[in-house]
Amino acid sequence: GQQLNQSPQSMFIQEGEDVSMNCTSSSIFNTWLWYKQDPGEGPVLLIALYKAGELTSNGRLTAQFGITRKDSFLNISASIPSDVGIYFCAGPARGTNKLIFGTGTLLAVQP
Amino acid sequence: EAGVTQFPSHSVIEKGQTVTLRCDPISGHDNLYWYRRVMGKEIKFLLHFVKESKQDESGMPNNRFLAERTGGTYSTLKVQPAELEDSGVYFCASSLAGSTDTQYFGPGTRLTVL
């Protein structure tokens, strides 16, 4: 079945640093989604990408939909303590509504 | 507007017992989903309701899991009898329309089976 490989598994950075994480798949996705999960909460959608090559920003977050449709990355610029959480990439399985998630990237930001 | 709510937030039970999780979707959302995250792994799809009908239950692990959505409003997920490997966080999500519409997630129920 379709799978998403997300890296890195975890990142420990200083406040103010930029962060980059990515997601790859052996199969094509027509939509790429990036979610963030805060402790004790459910995942919240950050950015949705619908077109190959698309580059979309949401504040300090920027995400790109890879040209091959098999990868996506998420960048966070000038990280702040509230960026702490788990970031998941996700995409709908072919022909269905169900989301396939990556394993997540745990981000820790030291003030 | 209230978001997706789940109850309970935590549940600790012994192997062999029964547990029922509840999800209240956002009002007016016909689509309701259940997902599960087992420790350290990815969030995995369990099933999808459209109103009261099961649209896709391909992710349900086995027949110890029973999901219902009577009346097309809230949903319950029952695990009977619970096994150790059922431990994890169970998320519910809802969406207004179909495949291109955002799925809004609840805070999850953390289930621990001892």
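Worth a mention:
- For chain B, the mean projected area of the C-alpha convex hull, equal to one quarter of the hull surface, is 6.6 nm².
- Label-zone membership for region B:12-41, site residue B:96, 7 angstrom Cα→C-beta point, backbone N under 19 Å: B:25-33
- Pair-distance distribution P(r) for the protein assembly as shown, from all Cα-Cα distances in 5 Å bins starting at 0: 1, 7, 15, 18, 18, 16, 12, 7, 3, 1, 0 percent.
- Length released on extending from residue B:7 to residue B:78, taking residue separation times 0.36 nm less the Cα-Cα span: 24.3 nm
- Net charge in the neighbourhood of residue A:27 (other residues with Cβ under 13 Å of its Cβ; Lys, Arg +1, Asp, Glu -1) is +2.
- Placing +1 on each Lys and Arg Cβ and -1 on each Asp and Glu Cβ, with no other charges, gives chain A a dipole about its Cα centre of roughly 560 debye.
- Averaging Cα coordinates gives a centre for region A:48-111 and one for region B:43-109; these two points are 24 Å apart.
- Under the combined filter of DSSP loop state and at most 16 neighbouring Cβ atoms within 10 Å, region A:1-97 retains these trypsin sites (Lys or Arg not before Pro): A:51, A:60, A:70, A:94.
- Qualifying trypsin sites (Lys or Arg not before Pro) in region B:29-82, DSSP loop, other Cβ atoms within 10 Å at most 16: B:41, B:51, B:64
- Were the residues from residue A:14 through residue A:52 laid out at 0.36 nm apart, the gain over their Cα-Cα distance would be 10.5 nm.
- Separation of the alpha carbons by more than 28 angstrom is noted, of A:51/B:54; A:70/B:78; B:44/B:78, for A:51/B:54; A:70/B:78.
All of the numbers you see were taken from the coordinates with simple rules; none came from a lab. The structure presented is a predicted model; accordingly, all values stated were derived computationally and were not measured. Here the Cβ is made from the backbone with ideal geometry for all residues, glycine too, and neighbour counts use every protein chain on show.
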